[in-house]
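K.L.:
Following this message is one structure expressed as structure tokens.
The values are calculated or read from the model by the stated rules, or taken from the named source; none is laboratory data. Computed from a predicted structure; not experimentally measured. Cβ sites come from the backbone with ideal geometry, for glycine too, and all protein chains shown count toward neighbours. Side chains are part of the model used for accessible areas, which takes the heavy atoms of the whole protein and leaves out ligands, DNA and RNA. Shrake-Rupley method; radii C 1.70, N 1.55, O 1.52, S 1.80 Å.
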Amino acid sequence: MNELRAIDRLDTAPRFSEHDAIRLNRMFRGSETDEWLRAVIEGNLVGDAAIVSSFGAESAALLHLISQIDPKVPVLFLETGKHFPETLAYRDELTERLGLNRIDLYPDLGDLETRDESGLRWSYDPDGCCELRKVKPLAKALADFDASFTGRKAFQSSTRANLPRFELDTSDAQGRLKINPLIDWSAEDIATYFETHDLPRHPLVERGFPSIGCSPCTRQVGEGEDPRAGRWAGWDKVECGIHKPGEEPFL
């Protein structure tokens, strides 16, 4: 069987196994991003897949890459109610420009009323705030998908340095895949891609925000700092919870 055809799997759970992730990483070792991404999407190698996008500093690169292959791929955006106005405007601009199939996800109103009535949970329990506004809404939405595409890059932080292109989503017991198309791209690769395709930059980038999350928990980053140093500054926290730090990579 042609190795670029769909991976053999049963229609019953789990969808994928660690072996499948390893096999995909080996299958596309050495392949250019647009080449293997097209093979995955057009060959339906991972079943129903969605992009999870923050519409942050570098999001346009992945959104453009995939929209050029199949603009119908759903783009899941977590509308936390705490975003910078600039992020929401950028989201709308990219959606229109790239013709994205965007789906906005919202936190459960009942959860907010019982656990964050003041809207200030971020100030004393950022993990709990992220759980309410990001983790739970995304988990509910991803239950309908076999795989998700993320925009994580190795250069962003030490916790992402050794991530593979394909991995099992550890938050999902049913074997969903998490795919990181840009994991081996450098900051220079991203900048070149933006210039080549004339993609607009997030307006906060030039103001010193190389990584952009919710406004209460994101600050400007100083020269020489880790690109994600401005996220949850002062807290022992490096991820919102939809990605787990320190996950063992599949080679």
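K.L.:
Among His83, Phe55, Leu37, whose Cα lies farthest out toward the positive end of the dipole of the stretch 9-111, if unit charges sit on the beta carbon of Lys, Arg (+1) and Asp, Glu (-1)?
P.N.:
Toward the positive end, the furthest listed residue is Leu37.
K.L.:
Please report the Cα spread of the stretch 52-122 along all three principal axes, rounded to whole Å, starting with the longest.
P.N.:
Here the Cα extents, ordered largest to smallest, are 42, 21, 16 Å.
K.L.:
Further question on the same structure: Measuring from label point to label point, each 7 Å out along Cα→Cβ, what is the Leu109 to Asp198 span in nm?
P.N.:
My value for the distance between the label points is 4.3 nm.
K.L.:
Once R0 is set to 30 Å, what does the formula 1/(1 + (r/R0)^6) return for the Cβ-Cβ distance between Ser215 and Gln174, expressed as a FRET efficiency to the nearest 0.05? Could the numbers behind the result be given before it?
P.N.:
Values: r = 34 Å, r/R0 = 1.13.
E(calc), rounded to 0.05, equals 0.35.
K.L.:
Which chymotrypsin sites (Phe, Trp or Tyr not before Pro) does the stretch 115-212 hold that lie in a coil by DSSP with at most 16 other beta carbons within 10 Å? Working shown, then result.
P.N.:
Numbers: sites: Trp122, Tyr124, Phe145, Phe149, Phe155, Phe166, Trp185, Tyr193, Phe194; in loops: Tyr124, Phe145, Trp185.
Passing sites in the stretch 115-212 are Tyr124.
K.L.:
Express in Å², to the nearest 10, the accessible area of Arg152 obtained by rolling a 1.4 Å probe over the protein heavy atoms while all chains stay in place.
P.N.:
Per-residue accessible area (Arg152): approximately 10 Å².
K.L.:
Further, regarding this structure: Give me the number: length gained by fully extending Glu35 to Ile22, i.e. 0.36 nm times residue separation minus the C-alpha to C-alpha distance, one decimal in nm. Let's see the in-between values first.
P.N.:
On the way: separation 13, 0.36 × 13 = 4.68 nm, distance 1.84 nm.
Taking 0.36 nm per residue and subtracting the Cα distance, the gain is 2.8 nm.
K.L.:
Moving on to the next point. Using amide H atoms built in the peptide plane, which far-off residues or other-chain residues are under 5 Å from Phe149 H to H?
P.N.:
Sorted by chain and number, the residues that satisfy this are Ala50, Ile51, Val52, Ile179.
K.L.:
Hull surface divided by four, with the convex hull built on the Cα atoms of the stretch 35-157: how many nm²?
P.N.:
Details: hull surface 34.0 nm².
For the Cα atoms of the stretch 35-157, the hull's average projected area reads 8.5 nm².
K.L.:
To two decimal places, what compactness ratio does the stretch 106-218 give when its Cα radius of gyration is scaled by 2.2 N^0.38 Å?
P.N.:
1.27
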